[in-house]
Amino acid sequence: MSLYRLARPLLFSLDEETSHHLALRTAGLAALVAPRVPRAPVRALGLEFPNPIGLAAGLDKNAAHIDALGALGFGFLEVGTVTPRAQPGNPRPRLFRLPARQAIINRFGFNNVGLGAFIDNVRRARWNGVLGINIGKNADTPAERAIDDYELGFKQAYPHASYITLNISSPNTKGLRNLQQGDELERLLERIARLREPLAERYGRRVPLVVKVAPDLDDAQIMVIADAVRRHGIDGVIATNTTISREGVEGLRHANEAGGLSGAPLRDHATQVLRAFASALRGEVALIGAGGIMSGRDAAEKFAAGASLVQLYSGLIYRGPALVSECASAYRAK
């Protein structure tokens with residue numbers, strides 16, 4: 001039995017958000033006993049990864065635990081979501097475990113310290129692996145000014161990021177998902193893509209740009225997003241964020257809480273969306289599979305569906321650091 005399995009009952013006996021912060025503060029200790037992660041080099045997004053297993057955004061919202069999380073053997077980390085100004089997020093409680101289905105519901109609402117303090121944390125980190133920075137808009141920024149928030153985040157994150165993700169798919173900021181639609185998506189991608197050229201010249205490198213999408217998309221919406229991503233030279237798509245569906249958790253305690261559902265019940269649907277993007281984009285854009293990866297087999301399914309990289313979040317909560325090694329081994333065996 002792993003040490004994490006021994007520690008998990010204690011963590012799960014605590015309030016969910018307290019447990020979340022305790023796990024982050026003790027990640028460095030966990031790294032000392034975590035299984036060795038095998039090398040499984042991958043090239044994607046124009047970057048070299050020691051293995052294709054990443055940490056999804058949302059766990060280290062403030063980039064305050066990069067060194068400890070990096071020591072767990074991830075091939076890359078994604079930190080954030082960060083917004084231009086600090087904000088408290090939604091009122092607590094806002095994080096709920098559904099252990100019977102290895103699921104989590106959260107409605108954090110982009111709680112974070114703001115760009116200034118966030119970038120200071122990134123600068124202090126000593127870990128030198130592939131670091132993604134996930135950016136979003138402040139909750140009180142009017143819809144017509146949303147792109148301004150992404151522009152500011154992109155400019156400030158650019159010199160510090162290996163790649164930058166536009167989070168336009170969280171269900172916990174009112175109106176955010178509208179940015180996935182037609183004209184709004186077009187305006188956002190056009191503006192950020194245009195901004196990237198002078199920044200690349202200024203800093204002497206072209207930072208890859210990634211878009212994170214929702215699982216709650218129909219085929220027509222997927223085709224619209226895929227077309228826009230291709231035309232604007234976006235480098236990657238993360239499929240997917242959390243879902244507003246409650247399929248698979250009906251009747252469970254907390255199942256009717258507002259927020260995004262992640263974990264095992266999301267797995268199959270997220271993989272279907274990933275597969276649809278793979279079909280639409282035909283290898284022209286790198287795909288990052290996320291949603292419901294609870295085992296090496298789940299990771300292998302994402303790779304088979306077209307992912308070059310995968311990301312973990314809920315699986316890490318339920319399985320612990322051993323999941324990183326298990327997924328990397330699954331990639332090597334594919």
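Since every read-out is calculated from the coordinates, none of them should be taken as a lab result. Treat the numbers as computed from the prediction; the structure is a model and nothing was measured. Here Cβ is always computed from backbone atoms with ideal geometry, including for glycine, and neighbour counts include all displayed protein chains.
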> How far is the Cα center of the stretch 168-245 from the Cα center of the stretch 281-334, in Å?
Replying inline: 21
> At what distance in nm do the modelled label points of ARG39 and ASP219 sit from each other, each positioned 7 Å from its Cα along Cα→Cβ?
Replying inline: 4.4
> Nearest 0.05, what FRET efficiency do HIS160 and ASP183 give at R0 = 30 Å with Cβ-Cβ as r?
Replying inline: 0.45
>> Suppose only helical runs count, i.e. DSSP H with n ≥ 4. What mean residue ellipticity at 222 nm does that imply for the chain under -39500 (n - 2.57) per run, divided by all residues and rounded to the nearest 500 deg cm²/dmol?
In response: -12000 deg cm²/dmol
> What order, most packed first, do the peptides 305-317, 84-96 have when packing is the mean number of other Cβ atoms within 10 Å of each residue?
Replying inline: 305-317, 84-96
> Stretch ARG194-ARG206 to full length: gain in nm at 0.36 nm per residue minus the Cα-Cα span?
Replying inline: 3.1 nm
> For the residue pair LEU10 and SER279, what label-to-label distance in nm results when each label sits 7 Å from Cα along the Cα-to-beta-carbon direction?
Replying inline: 4.8
>> Can you compute the charge dipole magnitude of the chain about its Cα centre, using +1 on each Lys and Arg Cβ and -1 on each Asp and Glu Cβ, nothing else charged? Give it in debye, rounded to the nearest 20.
In response: 880
> Measuring from label point to label point, each 7 Å out along Cα→Cβ, what is the ALA86 to GLU257 span in nm?
Replying inline: 2.5
>> Please compute the contact order of the chain in relative form: average sequence separation of alpha-carbon pairs under 8 Å and at least six residues apart, divided by the residue count, as a percent.
In response: 19
> Once the Cα gyration tensor of the chain is found, what semi-axes does its equivalent ellipsoid get, as square roots of 5 times the eigenvalues, in whole Å, sorted largest first?
Replying inline: 27, 22, 21
